[in-house]
Amino acid sequence: MRDLSHIGDFDRVERRSYRDSWGSNRNRPVGVLVAVVFALTIGGLRLSLAQEAKSEPHDGSFLFDENSSFYLQVNDVASAIETILNYPLTRKIESLPEISRALNTPEVVVGRIALGLWESQLGVDWLTLLKRSAGRGLFVGGQYEQQALGISLHADDEELLKRAISSLLEVIQRQSPPDKIPFQVEAYRSGKLAIFDNSATIGRFGSWLLLSNQRDLLTRMADRLLDENPGTCLRDSPSFKAARQETYRSEDAWLYVDLEPLRRSGTAEQLFLGRTAEPGLEFLFGGILEALRSAPWTGFGLAIHADRIGITWRVPYQAERVPPEREYLLGTRGLGRAPALLEVPGTIAQLSMYRDASGFWLNKENLFPENVIANLTQSDSQLSTVFGGVDFGSQILAALQPGLQVVIKEQEYAEGIDPEMKIPSIALVARLQNPEQARRFRISFQSLVGLLNLAEGGMYRPQIDLLSTRENGIQMTSGTYTPEGGYDGSLMIFNFSPSIAFQNDFMIISSTTTLAREIAEHTKSLGDAPTSSNSNAILAIDGRHLSTILAENRAALVANDMLENGNDRKQSERQVDLLLESLRLIRTLTIDLRTEAEQLSLELDCSFARE
Amino acid sequence: MAANLWEPWEPSPQEPWDRRRAAHLMRRAGFGGTVRQIDELVNLGFDKALAMIRESAGLEAFEAEMTPLEKSLVSRQEPQALASWWLLRMAKTPHPLLEKTTFFWHGHFATSADKVADSAAMLRQYRLLREHALGRFEPLVQGISRDPAMLIYLDSTDNRKTRPNENYARELLELFCLGAGNYSERDIKELARCFTGWEVRQNQFQFNPHQHDSGIKTIFDQSGPFGGDDAVGIVLRHPAAARHIARKLVRFFCTDDDVVDEEFQPLAELLRENDFDIGKILAVILSSRFFWSEKSLGKKVRGPVDLAIGLIRLFDLNANMNDVRGRLAGLGQLPMFPPNVKGWEGGTSWINASTFVERINLVQFLVERIPAGSAGPLSLARVTRSQDEESRRVIEDLIDVWFAQRPPTETVRELMELASQAGKTADMIKRVLPAMAAIPEFHLA
């Protein structure tokens, strides 16, 4: 048997008379207080405490039933909260008017006062309390179908945990109506339980605090804790074992979810169908849908560092068994790899992904429902017309190698052009199977610009002037809008100088000539473009450049805010400036979809700037 | 007898200058106001209140705040956003009479961004309407005759001497200046010749002398080598012109009911005597016995814009104007998007089984924007003994300032009962106002 001391704190609660202690506040529902304390905990009351070294990961999976449908483990919850609170970004978010207002509503202020009183009673602040009460881990588990939830805290400081529970139960008693007994206390093995409404239960067993919304679950947790041999438990579940082995990476927090109960219940049914009726979603996230279709479990990891946060989602997946209709996205035997990100300086965002556009188009009948197929077939016919009668799927898209890239970059404007709303340049980069096919794309580009000119001319708007050049190995067809008539350079259309460029087998279709040329020049230094290892798709965003482009659009953002929030100009400016300052604190954001032989993962990494 | 209706009204013990009348003035000469603003008008007295309504204090600062917004919206080429922008102006302007009269002219010279599809052109037309809203009518008509948005809307961008375009000429006579029955088909054809060579190129008006028919035209028995500006002058000198404009002003500012010719004829004469000075004639209307009589009080159905902006101003709300815009589109009145060249029909056409429900939903949507835990501007500096008493007084306030006709006593009692069960003021208003919106009198202005 583990070395667990007996509890005496519940006895003290039983003996105390509480009726006159809290005066007129005693009619306040206890739920309000608990909710407020919880809200304050997650809402960001900040206290300065030195960050302690992170503790080693712990394990609470032995506490929960073998058929638990989820399990969350947080190794050091207090340090994680403290680290997050110390992010400059968090401080900026706290000063957002909405958050500031929410933290100063009368209910929250009352809650803060109550929390302060509780802290002074215990002699420690809430973060220290959390640090010592859950210093050896916070564990949450339960059964989705039975709506059973169990929580366990393993404390470093048993004495403090004991006092905290005792004090909390006293407060609950005092806050209850005089004619109501809020909870029953009863002995259970070496400990005692406080039972609320015959269901929710709190129990302390030495340095362990157990909570559950179902008494039976809590007693089973207590039995496993107290027994020499805990018997069959979650960690014996084959599904859990596999998830732990394959997805647990010693992160600060780890969540396991058994997907079978979710699948049985019909909750989030769309997630498990493996199909979507949205072609855009399929093209971007079809791989995830494919993996989720049959995955028995999934795991999430959270890593919190002083200057970054990483979230990883992992799910089992058999690369060998990728169905033919999804090979366009995952590659043959799941080996499709995204092209390496282009090193174009100053990019706001880049997306690189392995995608065989032709394979996608030609497999539409196997991917989508009838109505979507009908729409795509109609588009197919129209696109074939634009491309001079050549079949869009089997000839136009088939001329592209698998692998597409999107580059977004801030742009500079020519003299006299100063659009009120500044839109960054955006380019699509692809490689041709054969450079000779460039001609077909160039002609089609010219046809499209011609159609656009006809439409714009009909509306008395500026038209695009096309120019074709060939220099330094780059073949370029670029369009330019020129301010004329009643149109000055402030209109949104002057963000665009649509262009198509070819360099060797690279094709760049860009919203601006400058970006098309810049990427074309860059591709000269690339041989056979290297691919990113194991990445199927990568999105990389540079926070500084993003905030710069947003800052250039401050007037438009202020206008939006005035219209959407009815604010006056000064209020809107304050709001927008705060948003911009907050964004500036995000250095990079990367989302990486990776495929391995037996696992698919989505990794999000966000790094922050120091103030 | 009829002439007396346009003579100045004076408050009297039988017809006192009180909240009901001050609210009537704010609704018709603007979009309503808060209880506090209406009480301030009452305290000013009738003459000063009337003068204040016509003042433009604070307009310069307001324009400085709104002008950068215009530039931003025009650059986006999203005419829908211009509608939101105009709603914001209506909600916040310190000179509601100017904005309301501009809106009147927008309905009169109806032009839809749906067809014009050019934010800059729509904004230019808006500015033209606002510039002349309270000025003389003739320069406004001269301006609108050259206005690219109007000419695009009426397919009149090309007007060649060999093939005169009659669209604008027809609407100028029928809708804008005279009304049906006061001209002949020949007048339309001759008028169209006057406007030949008036073109729109790259959304700018231009006069093309090569396409102008400089021959002799005969309009209403007057002959000469008239151009477009001459033609406008001839049309406005027609006896029907003053009657037509006076009738439309009375219908917009006073009553949805038909007004017999004898009743507004004196107003038409005043309009002509004052060289079609709209500001002066509006001052006559707003101070007239007609405006303050039962012929006008509560004799209009609130249009969707009046309903939405009225509530926003009543509670001094910060609402999402894009959302409000979407709801107004569903109710059939979206600024910048009138349904056709005749503008909005108004009156009882605003309400049918479907729009009635949508109007209640709009009220619900807007009152939800009242900040929680706040009594808002309804919270007056007064001492009430209990929440119950506060609720009753708030209901009375709302009835005074919003209802143009007091609801039946039994309905008021039920509202009081509902209010007494609804808790704090803001919560109470959120619960009571949608119930109020189900009362027919709620929708009268």
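Number of residues in the stretch B:84-96 that are more than 10 Å from chain A (Cβ to nearest Cβ) and within 15 Å of B:L334 (Cβ to Cβ) equals 3.
Residues that are outside any helix (DSSP H, G or I) and closer than 25 Å to B:F31 by Cβ within the stretch B:98-126 comprise B:F109, B:A110, B:T111, B:S112, listed in sequence order. Give the stretch B:33-69 a look and list any residue that's part of a loop (DSSP other than H, G, I, E, B) and either of a type in the set (A, V, I, L, M) or at pLDDT 95 or above (or both), or say none. The answer is B:G45, B:A57. Could we say that B:L59 is away from every other protein chain (no Cβ under 14 Å), within 16 Å of B:R127 (Cβ to Cβ) and either under 23 Å from the mean Cα position of the chain (by Cα) or without any contact (Cβ under 8 Å) to a residue 60 or more places away in the chain (or both) here? Spelling it out, B:L59 is indeed away from every other protein chain (no Cβ under 14 Å), within 16 Å of B:R127 (Cβ to Cβ) and either under 23 Å from the mean Cα position of the chain (by Cα) or without any contact (Cβ under 8 Å) to a residue 60 or more places away in the chain (or both). Filtering the stretch A:533-540 for residues that are over 22 Å from the mean Cα position of the chain (by Cα) and closer than 30 Å to A:A291 by Cβ leaves a non-empty set. Scanning the stretch A:575-585 for residues that are in a helix (DSSP H, G or I) and away from every other protein chain (no Cβ under 14 Å) returns A:D577, A:L578, A:L579, A:L580, A:E581, A:S582, A:L583, A:R584. When A:L289 is tested against (1) more than 15 Å from A:A537 (Cβ to Cβ); (2) under 17 Å from the mean Cα position of the chain (by Cα); (3) buried (at least 19 other Cβ atoms within 10 Å of the Cβ), just one condition goes unmet, and that condition is (1). Residue check, B:A422 against (1) part of a loop (DSSP other than H, G, I, E, B); (2) among the aliphatic types (A, V, I, L, M); (3) at pLDDT 90 or above; (4) under 18 Å from B:L366 (Cβ atoms), all met but one. Which one? Against the list (1) part of a loop (DSSP other than H, G, I, E, B); (2) among the aliphatic types (A, V, I, L, M); (3) at pLDDT 90 or above; (4) under 18 Å from B:L366 (Cβ atoms), B:A422 comes up short only on (3). Of all residues in the stretch A:177-221, those being surrounded by 14 or more Cβ atoms within 10 Å (Cβ to Cβ) and either closer than 17 Å to A:L138 by Cβ or free of Cβ contacts under 8 Å to residues at least 24 places away in the same chain (or both) number 21. When A:L563, A:L602 are checked against the criterion of being within 14 Å of chain B (Cβ to nearest Cβ), modelled with pLDDT of 90 or more and out of contact with any Pro (no Cβ under 6 Å at 6 or more places or on another chain), A:L563 stands alone in meeting it. With respect to the conditions (1) within 14 Å of another protein chain (Cβ to nearest Cβ); (2) in a loop (DSSP other than H, G, I, E, B), B:W17 falls short on a single one, namely (1).
Residues B:A426, B:A437: which one is of a type outside the set (F, W, Y), under 23 Å from B:G303 (Cα atoms) and within 31 Å of the chain's Cα centre (by Cα)? Even if it seems obvious, please write down each step before you answer.
Working: B:A426 fails: under 23 Å from B:G303 (Cα atoms).
Criteria check complete, one pass: B:A437.
Taking the stretch A:544-560 as the range and being facing chain B (nearest Cβ under 8 Å) and either touching a Cys at 6+ places or on another chain (Cβ under 8 Å) or touching a residue at least 24 places away in the same chain (Cβ under 8 Å) (or both) as the test, the residues that pass are A:A555, A:A556.
Would you confirm, using the coordinates I've provided, whether A:G231 is in contact with a Gly (Cβ under 8 Å, 6 or more places away or on another chain) and free of Cβ contacts under 8 Å to residues at least 40 places away in the same chain? Even if it seems obvious, please write down each step before you answer.
Working: in contact with a Gly (Cβ under 8 Å, 6 or more places away or on another chain): no; free of Cβ contacts under 8 Å to residues at least 40 places away in the same chain: yes.
Judged against the criteria, A:G231 is not a match.
May I ask you to verify whether B:L129 is outside any helix (DSSP H, G or I) and within 16 Å of the chain's Cα centre (by Cα)? When the stated conditions are applied, B:L129 does not pass them. Only one entry of A:G141, A:G135, A:G111 meets the criterion of being assigned to a loop (DSSP other than H, G, I, E, B) and crowded, with 17+ Cβ neighbours inside 10 Å, and that entry is A:G135.
Per-residue answers, yes or no, for (1) within 14 Å of chain A (Cβ to nearest Cβ); (2) at pLDDT 95 or above:
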site: B:D316; (1), (2): yes, no
site: B:A319; (1), (2): yes, no
site: B:G326; (1), (2): yes, yes
site: B:A329; (1), (2): no, yes
site: B:P335; (1), (2): yes, yes
site: B:K342; (1), (2): no, yes
site: B:A353; (1), (2): no, no
site: B:L362; (1), (2): no, yes
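The helices (runs of 4 or more DSSP H) found entirely in the stretch A:332-430 that carry 2 or more residues being free of Cβ contacts under 8 Å to residues at least 60 places away in the same chain and over 18 Å from A:G287 (Cβ atoms) are A:370-386.
Do we find that A:S525 is buried (at least 24 other Cβ atoms within 10 Å of the Cβ), of a type outside the set (A, V, I, L, M, F, W, C) and at negative phi in this structure? Judged against the criteria, A:S525 is not a match.
Which ones in the stretch A:234-247 are under 16 Å from A:G60 (Cα atoms) and either at pLDDT 95 or above or assigned to a helix (DSSP H, G or I) (or both)? Talk me through it step by step, then tell me what you get.
Residues of the stretch A:234-247 that are under 16 Å from A:G60 (Cα atoms), as a first pass: A:234-237, A:240-241, A:243-245.
Listed by number, the residues that qualify are A:L234, A:R235, A:D236, A:F240, A:K241, A:A243, A:R244, A:Q245.
Considering the stretch A:448-500, and only residues there that are more than 14 Å from chain B (Cβ to nearest Cβ) and β-branched (V, I, T), the residue that is nearest to B:V116 (Cα to Cα) turns out to be A:I464.
Cβ-Cβ distances below 8 Å connect the following pairs, each with a first residue in the stretch B:163-183 that is touching a residue at least 24 places away in the same chain (Cβ under 8 Å) and under 14 Å from B:I144 (Cβ atoms), a second residue that is outside any helix (DSSP H, G or I) and among the polar types (S, T, N, Q), and a separation of six or more residues or different chains: B:Y168/B:S156; B:Y168/B:N159; B:L173/B:N182.
Screening the stretch A:119-137 for residues that are touching a residue at least 60 places away in the same chain (Cβ under 8 Å) and hydrophobic (A, V, I, L, M, F, W, C) and picking the one that is nearest to A:A155 (Cα to Cα) gives A:A134. Among A:A540, A:A555, which is the only one that is surrounded by 17 or more Cβ atoms within 10 Å (Cβ to Cβ) and within 30 Å of A:E596 (Cα to Cα)? A:A540 is the lone residue from the list that is surrounded by 17 or more Cβ atoms within 10 Å (Cβ to Cβ) and within 30 Å of A:E596 (Cα to Cα). Just to be sure, is B:T111 away from chain A (no Cβ under 14 Å), in contact (Cβ under 8 Å) with a residue 24 or more places away in the chain and either out of contact with any Phe, Trp or Tyr (no Cβ under 7 Å at 6 or more places or on another chain) or on the phi > 0 side of the Ramachandran plot (or both)? So B:T111 fails the test. When you look at A:R174, is it part of a helix (DSSP H, G or I) and surrounded by 19 or more Cβ atoms within 10 Å (Cβ to Cβ), yes or no? So A:R174 passes the test.
The values are calculated or read from the model by the stated rules, or taken from the named source; none is laboratory data. Nothing here was measured: the structure is a model prediction, and the numbers come from that model. Positions of Cβ are generated from backbone atoms using ideal geometry, with glycine treated the same way; all protein chains shown enter the neighbour counts.
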